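Taking it in order: structure first as structure tokens, then the write-up.
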Amino acid sequence: MRRRIFAAVVCVAAHASAQKPKLVVAHAPAGDRQPALSVGFAPDETLRAAVCPTSPCALEAGLDLALPAEAKALVGRAKLAVVRIAKARRLVTVEIPDPARSRTWHAVVAAPLDASGTPKVLFKGWAGLIEGEPGLRRGPMVERGDPNADGTWSIVIGEQREDLSLCGRPAILSPKLIAPDLSLRPAKVQRLGSAERESAARVTARALAEDAPRARYRLLRATAATSAIGDPAALTDGKPETTWAENRGGDGRGEFVRMDAPSQLPIHGFELTLRPLGAAPDKGVAPAELWLATHDRVIHVTLPDDAWKVPGARFEIALGTPIRDDCLALVTERAQGGGTDARVTFAELTAKTEFDQNTVDSLVGALAGGGPRAEAAADALRALGAAAVEPIQQAFDTLDEGGRRVALAVIDQSPCAAGVPLYLRALTGPFPAQRRHGRDRLRRCGDAAADALEHALVKAPRRLRPLLASELSLVAPERAVRLVVPMLPSADPPGRRLLRKALGWATRDPKAVKEVKRLLTDPSLPELATLDLLRALGDRASAYVPESSAALLRVAKPGADLRTRYLALGPAAALSERDPGARALLARAIVSDPSHHVRAEAVRRVPRVDKFQPELVKALADPEVRVREAALEIVTKPSGAFAADPATRLLRSDRWPMIRAAAAVALAKLGTSPVVDAALAQALDDESAKVRAPAAIALGERRATEHAEAVRARLEDRDEAIDVRVSAALALGLMCDGGSVDALTELALTLRDPGASPEARALGPVALGALSRLRPADLQKRLRPLTQSGAPPAVRRAAEAALASPPTCGARTRGRN
């Protein structure tokens, strides 16, 4: 941390937000042609600066520094300081930090050197990363340097960028120093703090023999520099003839290059080339000292005195403790000779690791296991870029699960064209996590994965086709349609079902429309493939009329086999709204198909019952029980009232209990009719309990209160089947039958007995619910035994809920009347 010691510092004490801050003023005395200066908060709480012959100066008539509203709310954090920048010249700084938004409001004010009598504002405003998108933010920066040897201080004003920090340390860019004459002059500043420099490890670079082994891999990547002659990337491009030089001149002190480094690969040292091969750069000199910095380490490096003598000479910087960090910065400190226009120059910086002498194949082999060493090898492979792709692809199938995981992470850094083949192998491989990885990456690659997916699908064994078809349907749906449809006839039933699902996804994409229409109109397409395409379209088949209509008629022709007639029902139903031919096909299937399986399925497929009334009436009289059952189930829709009479006949006379029960369920939905109510009441005496129970519920749903007594009789008959009694209790609640309150209360109160019979435990909750609907005036009194402390907790909660529920019977009964 840098020391913050000033000639005088006056701080506004932090107060609670409800308390006004003290009005504080900083006074800079007169001296060396500067009048006195006072800066602070005036009685009206404005921030002002005033000049006068002798301090203190009156602020009331001083210059208003126009503190913004956001800063006014933070004056409790304000710091005012008098800073000596020359022997007898001073200025005043104001800092108001806003930690919630990572910014600080600054003002730097000086008394003028002329007779104007007006304070000179050298900076005023917010500083910090205040502009731009995250990751690319930038903004002004005001920095106080370390104290100078003569006791003065330096104040530097510049800018900062989020993408050009000194490995996490804010770095001032384009710095301008406030000079003693109060001008702003370009300056060279050391961005590393004095404390870090003082505690840095010390290393002396040594010259390497010309034939010494070279660092094998380019692990560092220069991304930016504070100033540059040449591209900063030249420092790490592997070409000793290219250079980067700082562009400040002289020692170039404090200029730096920021580099990306492999975070998982320990770096044991560096090779540094200063003078490039070939002609020496104009005014180039070698550094005498430099710094290497990571997020948490700083290393001081001293270079030999003759470091610039030999072109291409390499120097080794050996580290006692390896570096493991994703950021490295080279920071200049002092040059070897040269004048004020010298340029400290560097040709190449290369990291040294344990893998320097490994071949690419051995690096790939080191991925096995997926542990720390594998991660380190992966960083070396990433540095190789495209050169690592083919060796990884060749060895991928020989790696274990951990090795494949790390290999995929390396390939992820490559363009999709290089990664797609490996992602396909991961997708079809044995490890679930890697299958997900391959799937996600293929989808990200999108169009770039289409060719490889298409080729893989064509060559794939049958078991892999659904998986590959699903992925192709997402990245290139038109190709998926073209390839999958011809595959359907040869697929086994499970595979065909999965292929049809993938086809359904593909046909949802507008890009597939042209291919779908082409296939629908292709007379050479096998009937099974055509039928499966229609089925995959589902309800969207109507959007492809007339092509889909023609395809349907082509496969569902007279004499078609049972399977075709059955499977054609879905497309026929989807098209029936727009295509008379499809409606006729569905209607014929309902009334005249020789297979009752087809007739029943045709009934279930009817999209709108009001459009198929004659056919459904015939289905209700069909000799096959499953057809009648299907018809009863579908006419429960609101437009099925036309089926009341045939359903009533079935309730009264069908020999199958399941049909009579289904008729009762259907009649519950089919509108007010005394005839229907009477038939349902008569069904309360049906010989089958499976009929009596739905008949009771139907009477309740229809609010047939004239038959409440008959329903109550079912409830009170202790010899009745428990399902019927439960249904009767529910029906009486739906009817809002006040005459059943006592019977329902008796049944509900059985819940207080933990040893109650199974019948009582079944009836009690339904009776309690019915009472909640009926809401008699004395309900609280009736249920008191269930709310007392002796009742089981669950029963007590149920009773309390019943009491808290809003009444429903009054509104329902009025609606019926």
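The values are calculated or read from the model by the stated rules, or taken from the named source; none is laboratory data. As the structure is a prediction and not an experimental result, all values here were calculated from the model. Don't worry about glycine lacking a Cβ; one is built from the backbone with ideal geometry, like all the others, and counts go over all protein chains shown. Side chains are part of the model used for accessible areas, which takes the heavy atoms of the whole protein and leaves out ligands, DNA and RNA. Shrake-Rupley method; radii C 1.70, N 1.55, O 1.52, S 1.80 Å.
Below are the figures for this structure:
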{"read-out": "D163-Q780 pseudo-label distance in nm [points 7 Å out on the Cα-to-Cβ vector]", "value": "7.1"}
{"read-out": "Extension gain from S653 to R563, taking 0.36 nm per residue of separation minus the Cα-Cα distance", "value": "29.0 nm"}
{"read-out": "Using a Förster distance of 56 Å, the FRET efficiency for V24-N247 (Cβ separation, nearest 0.05)", "value": "0.85"}
{"read-out": "FRET efficiency for S805 and H295, using Cβ-Cβ distance with R0 set to 41 Å, rounded to 0.05", "value": "0.05"}
{"read-out": "Probe 1.4 Å, all protein chains present, accessible-area order of W656, W244, W308, W505, largest first", "value": "W505, W656, W308, W244"}
{"read-out": "Listed residue pairs exceeding 31 Å between alpha carbons, taken from K669/K781; K517/K618; K120/K188; K557/K690; K176/K352; K239/K283", "value": "K669/K781; K517/K618; K557/K690; K176/K352"}
{"read-out": "Computed accessible area, D451, all protein chains, 1.4 angstrom probe, square angstrom", "value": "100"}
{"read-out": "Net charge over other residues, Cβ less than 13 angstrom from the Cβ of V711 (K, R count +1; D, E count -1)", "value": "-3"}
{"read-out": "Share, in percent, of DSSP beta bridges within the chain that are antiparallel, nearest 5", "value": "95"}
{"read-out": "Potential extension, T54-R443 segment - 0.36 nm per residue separation minus Cα distance", "value": "132.6 nm"}
{"read-out": "Amide N proximity, segment 405-433 versus T398 label position 7 Å along Cα-to-Cβ, cut-off under 16 Å", "value": "407"}
{"read-out": "Near-label residues of segment 478-506 by backbone N, under 19 Å of a point 7 Å along Cα→Cβ of R518", "value": "478-489, 503-506"}
{"read-out": "Accessible-area composition of segment 475-564, carbon plus sulfur, in percent [1.4 Å probe]", "value": "59"}
{"read-out": "In degrees, nearest ten, helix 657-667 long axis to first principal axis of the chain (Cα)", "value": "70"}
{"read-out": "L208-E133 pseudo-label distance in nm [points 7 Å out on the Cα-to-Cβ vector]", "value": "4.0"}
{"read-out": "All aspartates and glutamates inside 14 Å of K459 as judged from Cα atoms, apart from same-chain residues fewer than 8 positions distant", "value": "D451"}
{"read-out": "With all protein chains modelled, accessible area of D593 [1.4 Å, Å²]", "value": "20"}
{"read-out": "Selection from G117, A551, P240, by position along the positive dipole direction of the chain (Cβ)", "value": "A551"}
{"read-out": "Cα-based equivalent ellipsoid, the chain: semi-axes from gyration tensor eigenvalues, Å", "value": "83, 46, 25"}
{"read-out": "Accessible surface ranking that places the most exposed of E133, E716, E143, E196 first, with a 1.4 angstrom probe", "value": "E133, E716, E196, E143"}
{"read-out": "Residue-averaged 222 nm ellipticity for the chain, from DSSP H runs of 4+ at -39500 (n - 2.57), nearest 500", "value": "-11500 deg cm²/dmol"}
{"read-out": "Portion, in percent, of the accessible area of segment 750-810 that falls on carbon or sulfur, probe 1.4 Å", "value": "56"}
{"read-out": "Exposure rank, largest accessible area first [H106, H707; 1.4 Å]", "value": "H707, H106"}
{"read-out": "Efficiency of FRET between Q788 and T750 - r from beta-carbon atoms, R0 25 angstrom, step 0.05", "value": "0.95"}
{"read-out": "Whole-number accessible area per residue in Å² for the chain, which is evaluated in the context of all protein chains at 1.4 Å", "value": "45"}
{"read-out": "Segment 276-385, accessible surface, carbon-and-sulfur percent (1.4 angstrom probe)", "value": "50"}
{"read-out": "Where labels lie 7 Å past Cα in the beta-carbon direction, separation of R718 and D44 in nm", "value": "9.6"}
{"read-out": "Paramagnetic reach from A73 in segment 118-135 [backbone N under 19 Å; point 7 Å along Cα→Cβ]", "value": "125-131"}
{"read-out": "Linear extension gain, E198 paired with D181, 0.36 nm per residue minus alpha-carbon span", "value": "3.0 nm"}
{"read-out": "Loop GluC sites (Glu not before Pro), segment 201-298 (other Cβ atoms within 10 Å of the site Cβ: 12 or fewer; DSSP)", "value": "E210"}
{"read-out": "Accessible surface of T636 - all protein chains present, 1.4 Å probe, nearest 10 Å²", "value": "50"}
{"read-out": "Nearest 10 degrees, 0 to 90: helix 477-487 Cα axis against the chain principal axis", "value": "50"}
